Structure formats: C-alpha cells, structure tokens
Amino acid sequence: MRHCFGSDPLAEIIAWDPNDAESVRRAMHDVDTVIYLVGVPYNHFELHPVVMRQTLEGACAENVERMVLIGTVYPYGAPVTPNVTEEHPRNPHTFKGRMRKQQEDLLLEADAAGRIRGTVLRLPDFYGPHVEGSYLHSLFQAAAAGGTANMLGPIDAPHEFLFVPDAGGVVLALADKAEAYGSFWNLAGAGVITQREIIDRVFAMAGRKPKFRVAGKWTLRVLGLFNPLLRELVEMNYLLTTPVLMDDRALTRLLGDIRKTLYETGLKLTLDAYTQRNSA
C-alpha cells in the first residue's frame, strides 16, 4: 500500500483490523464513501460475509454515507442465459459463490434499512500491470522473461477480461450516482475472447514462440492433493467451461459511455510493465 500510494500527498494510509471494532471505527472516521475491495485468502471465503459485517458495523457507527462493494460474478452461479444481465438469478451453486452472495446481501440489507447507502459493482476476470491475482499473470511472466506459462483450462471457451485501470473511473462515477444505490451493476470486459487468443497475442508481442501448459479440472484435482490453493480452484472451474459473459448496458445507461481499453492495447501495456520490471 505504501509502495503504491505513500508518495501521494492526497493519500492518508491507515491500518485497521476487522476483528477490532475500534480499529474499524478509527479507519472510517470522517469518511463519506467507502470503496470496499477487501480480499480474503482463497481457501477461507467464509470470511467474506464476516468481514463485511464487521466493516458495516464500523461504517454505520461513524455515519459513513455510502459504500461501493467491488464484487464478482460468483453470486450468479452457472449462467442460464448466453449473456448475463443484472436480472439473472443469483443462484450460486458453489461455496465461494454463496459467501459472495451473503456479502452482497449484508450491504443491500443495510441499504434497505436506511443504515448506509450501498451498491455493488460486479467485475469479470481482470488483468493489468502488476496485477498478480490475474489468471493471466503467469502468461505475462513467461512472455516477458522466457519460460512456460501455466494456464487454467479449457482455454478455447469464450471469456472476458477487464483491464484493471479502466475500473477506477467507473467506480468513482458510480459512487457519485444517487440512483446507483440499493442495487448491483455489471461491468463487462472489453469483449469476448479466448485465453488461447490472448496467449498467441502476448507471445507474439514479446517476439517469442508460445510455450504454455494447461491444467483442467481433473488436473487441478490431482494437484490439489498437494497444493491447497489449486484444490480451491476446482469448484470454480465452471467459469472456464460455461463462462459468465456479462451484459452491462444498464450501467452504460446510468453512466453514459464507458471507456474500455482494447485487448491489443491493454495486453501490450501489461507486457511492457512486466518486461520493465524484469529489466529493473
């Protein structure tokens, strides 16, 4: 955090512990809008509703006006329509999806009760410079430095990715819209693409022949016997076989045109950042 924002004169960095109610209140003091991006270990998703409840209690006690939760497609569950709008049922069939739904419900229930204004912005998978939590992280590493990319498959199914820097302006615009609260909104990626297309493009940009290995669901099951993190990926593999392709026309009607970086540009910017970091 200090590495990213420590030199920004407009940034004030405050440490907080969600298990310490007074710590949460101190962090929320004099804040009018909270952008909630709290992550938890991937093998402890039961913490998502817990930490949301702890955060809400502190925020409401300090009279915070608004909270924007940066969410995921997990609460939708397996898609029942080719394109998923906000009207799609939230019917998560996975543990992680249920925990994310509980997290959303806590915020929207607090909004309905008049305790705080709350809204949810759902994002697809993502990528960008220094975004190590992306499915594509290993790809950029391999293309920038040489080596073999580790990918999760299948890699030929349609998918969508969001270039992370595009999200910031959307989040701020949504936070300022009174009409946004009490509901949730989709922010789709820059279009439908496959991981194979991305692999080919990124290695071509790097001037290297594509080298990659793909782990599907059954491979993850086997590897998961030895690696707890990989074991946690098994239940979410449906996102690669029956992907959730979001429709964000409602968000466009609310905010107007939304800037989305084309894959060709975003992939090049991301690869350049990885290459520069390797050189440094």
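Being modelled with pLDDT of 90 or more and over 27 Å from Arg90 (Cβ atoms) is not true of Phe184. Pairs linking a residue in the stretch 222-233 that is free of Cβ contacts under 8 Å to residues at least 40 places away in the same chain to a residue that is outside any helix (DSSP H, G or I) and surrounded by 15 or more Cβ atoms within 10 Å (Cβ to Cβ), with Cβ atoms under 7 Å and 6 or more positions apart or on different chains, are Leu223/Ala215. Do we find that Val120 is at pLDDT below 95, β-branched (Val, Ile, Thr) and under 14 Å from the mean Cα position of the chain (by Cα) in this structure? So Val120 does not fit the description; no.
Applying a threshold of 7 Å to beta carbon distances and a minimum spacing of six or more residues, or different chains, the list of pairs starting in the stretch 8-28 at a residue that is closer than 15 Å to Leu56 by Cβ and ending at one that is part of a loop (DSSP other than H, G, I, E, B) and among the charged types (D, E, K, R) reads Ser23/Asp17; Arg25/Glu62; Met28/Glu62. Among the residues of the stretch 27-37, not a single one is surrounded by fewer than 17 Cβ atoms within 10 Å (Cβ to Cβ) and aromatic (Phe, Trp, Tyr). For the stretch 69-119, the set of residues classified as in a helix (DSSP H, G or I) and either under 18 Å from Asn237 (Cβ atoms) or in contact with a Cys (Cβ under 9 Å, 6 or more places away or on another chain) (or both) consists of Tyr74, Pro75, Tyr76, Phe95, Lys96, Gly97, Arg98, Met99, Arg100, Ala110, listed by residue number. Where helices (runs of 4 or more DSSP H) sit wholly within the stretch 202-255, those with at least 3 residues that are within 24 Å of Gly191 (Cα to Cα) and under 18 Å from the mean Cα position of the chain (by Cα) occupy 238-241.
The values are calculated or read from the model by the stated rules, or taken from the named source; none is laboratory data. Since this is a predicted model, take the numbers as computed values, not measurements. Note that we place each Cβ from the backbone using ideal geometry, even for glycine, and neighbour counts take in every protein chain shown.
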